[in-house]
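Everything on this sheet refers to the single structure shown next.
The values are calculated or read from the model by the stated rules, or taken from the named source; none is laboratory data. This one's a predicted model, so the numbers in the text were calculated from it and none came from an experiment. A quick note on method: Cβ atoms are made from the backbone with ideal geometry, for glycine too, and the neighbour counts reach across all protein chains shown.
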Amino acid sequence: MSTSVDARLESGRSPDLSRLVATATREHPATPLFADDGWPEQPGPVRDVASFHAAVEHLAGRLWAAGVRPRQVVAVVLPNHPRVQLAAFALHRLGAVPALLAASMPAEHLVESVAALHPAWTLVDSGEDAPGNAADNAADNAPQGSAPEPAPGVLDLLGAHTRLLRRADLPAPAAFPVGALNPHEVALITHTSGTTAAPKLVAHSSASIHEHAAPQVRLMLEFGADRLAVKAISCAHARATSALITALVVGQPLAFATDDRPEAVAALLALLRPHSLEAHPNTYLRWEPIADLPDRPLASVARFSSTFDAIHPRTVRRLLSGTDVPDAFFLQAYGQTETGPVAARAMTREDPLGHDTRVVGVPAEGREARVVDEAGEPVPVGVAGHIEVRAVSRMVGYVGRESPGVEWWPMGDWGRLRADGAIELLDRVVDRVPGVASALALEDALLDRFPELQEALVLPGARRGVRVVVVARPGASADRALVGKAVEELGATPEEVVALAPEDLPVTGSKKVRRHVLRGAVGGAR
């Protein structure tokens, strides 16, 4: 078989998502594919590619019997678990268009998203497991695999815009014709994190999702795909789709960690001894103490990886200290839902840049980056401005809103290009702090100085200084006076240091901090 990425994704694999799982089952049915909770499913638990295929066929038959038809948009609103992806592939099998919505998003955003989609159907769990009202953020801070808190009336609100399908109430499976979409038709809808406002609905074709997965397939072909990967990520995110496509194409064993509490993950890793590990950056922050456990749960990990958000240098160093693999590395990827992966950088223990995670790597094949000023004109190397990219993996467009009809896509990030072509990410544009060159770099420095902190966030102050929000690790406390002194030593003017408990930090389904919500919440906190 050709080792060309395009060849590995042709001939009934991708971009034909309706046949991808069936093809993988013919080629490597016994490849492990499972979740930490045993993944109970019908007709039987999902343990490998073959049983995943059986569950996809069973659910597709039930959805067909319920009335789902090709090219219908079906919103999928399920608790965070790989069965979100199972539902998506069952819908692909029918030629329908899954729209994956994180059940933990605030209720008003969920209702707004469903209204914008105009879906023919919305797939939910039973009423007891229905999407929750995340206004108090309880659902967002729960372990990843747990169902959100019930929210009376949310299903009624959704029902005003769609027909509800409850998984438990679906009819018995019926025979169905396999559907197939044109490679450039909309085949999948996901959403952005919603850190600044309601999430944007992002439409992908099977061709664009193919390009999301292609760099990962290249990586697997280079480093080998026969060792187990564990992932603790948002299963409603496009990243989960591309990760599963990659595993199905190359036959990589894959496990999902649905309980992301440090103690649960440590036990899982000690049991499975995986070769690679992926999680959200803020999840890795919480996992740092795992590196110091006597049974060394991270000992077998040769490759850590992360995208979604900025990772901190301290986190990279801590994780690499926990593995016994001599040439282990941390792969930091840069991209977004709209563009797919843009760049990546591998950091080893002896990283020549000192684990400077502001440097996110050189654009991958089929991607370009530039930096422009406020007028949209390119600036020289080393000058900060707005990061823009061209990418073969770019989305089809937004749903329910205008998409920028531009050749160069605005990432919404502030940064610069280095002489070696690497992108240096300084801040999200909306999170820039007046008078601070990089709030992210300041946060990196604070976490390096204070190991007892689980999180440090630099926000604009009421005047021309900064307000710093700190979260201490469980069992530790934050010395706000010392943090304020450190901020001053690092060149910023601290107006206030606010200490919060971990559960009071507003986060998205991918564990990004919702900074605009935080800014409004910390006014009275101390």
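In the condition set (1) without any contact (Cβ under 8 Å) to a residue 40 or more places away in the chain; (2) crowded, with 24+ Cβ neighbours inside 10 Å; (3) more than 23 Å from the chain's Cα centre (by Cα), Leu63 is compliant with all but (1). Considering the range 18-111, the qualifying helices (runs of 4 or more DSSP H), each wholly inside and each with 3 or more residues that are out of contact with any Ser or Thr (no Cβ under 8 Å at 6 or more places or on another chain) and of a type in the set (Gly, Ala, Ser), run over 49-66.
Could you look through the range 478-526, keep only residues that are among the charged types (D, E, K, R) and closer than 17 Å to Leu442 by Cβ, and pick out the one that is surrounded by the fewest Cβ atoms within 10 Å (Cβ to Cβ)? Residue satisfying both the conditions and the ranking: Glu489. Selection over the range 308-363 of residues that are part of a loop (DSSP other than H, G, I, E, B), buried (at least 22 other Cβ atoms within 10 Å of the Cβ) and on the phi > 0 side of the Ramachandran plot gives a count of 2. The set of residues in the range 354-376 that are touching a strand residue (DSSP E or B) at 6+ places or on another chain (Cβ under 9 Å) and acidic (Asp, Glu) comprises Asp356, Glu368, Asp373, Glu374.
Closer than 30 Å to Arg26 by Cα and not charged (D, E, K, R), is that true of Ile311? Answer is no for this residue.
Within the range 432-442, the residues that satisfy the criterion of being crowded, with 19+ Cβ neighbours inside 10 Å and closer than 19 Å to Asp356 by Cβ are Val436, Ser438, Ala439, Leu440, Ala441, Leu442. For His204, the conditions (1) in contact with a helix residue (DSSP H, G or I) (Cβ under 6 Å, 6 or more places away or on another chain); (2) of a type outside the set (Lys, Arg); (3) crowded, with 22+ Cβ neighbours inside 10 Å are fulfilled apart from (1).
Candidates are the residues of the range 392-427 that are among the small types (Gly, Ala, Ser) and in contact with a His (Cβ under 9 Å, 6 or more places away or on another chain); the one that is farthest from Ser242 (Cα to Cα) is Gly415.
Kindly establish whether Arg370 is of a type in the set (Lys, Arg), outside any loop (DSSP other than H, G, I, E, B) and surrounded by fewer than 22 Cβ atoms within 10 Å (Cβ to Cβ). Spelling it out, Arg370 is indeed of a type in the set (Lys, Arg), outside any loop (DSSP other than H, G, I, E, B) and surrounded by fewer than 22 Cβ atoms within 10 Å (Cβ to Cβ).
When Val97, Val124, Val114 are checked against the criterion of being at pLDDT 95 or above and within 30 Å of Thr246 (Cα to Cα), Val97 stands alone in meeting it. The sole residue among Glu455, Glu368, Glu407 that is under 23 Å from the mean Cα position of the chain (by Cα), among the acidic types (Asp, Glu) and within 30 Å of Ala187 (Cα to Cα) is Glu368. Taking the conditions (1) crowded, with 19+ Cβ neighbours inside 10 Å; (2) of a type in the set (Gly, Ala, Ser); (3) without any contact (Cβ under 8 Å) to a residue 24 or more places away in the chain in turn, Ala24 satisfies each one other than (3). Name the single residue, out of those in the range 410-421 being among the hydrophobic types (A, V, I, L, M, F, W, C) and crowded, with 20+ Cβ neighbours inside 10 Å, that is farthest from Val316 (Cα to Cα). Looking at the filtered set, the residue picked out is Met411. Note on the range 1-45: residues that are within 25 Å of Pro274 (Cα to Cα), in contact with a Pro (Cβ under 9 Å, 6 or more places away or on another chain) and modelled with pLDDT of 50 or more total 7. Residue pairs whose Cβ atoms lie under 7 Å apart, separated by 6 or more positions or on different chains, with the first residue in the range 413-437 and closer than 12 Å to Arg345 by Cβ and modelled with pLDDT of 95 or more and the second in a loop (DSSP other than H, G, I, E, B) and among the β-branched types (Val, Ile, Thr), are Arg418/Val381. When the range 373-392 is filtered for residues that are in a strand (DSSP E or B) and in contact (Cβ under 8 Å) with a residue 40 or more places away in the chain, the ones remaining, listed by number, are His386, Val389, Ala391.
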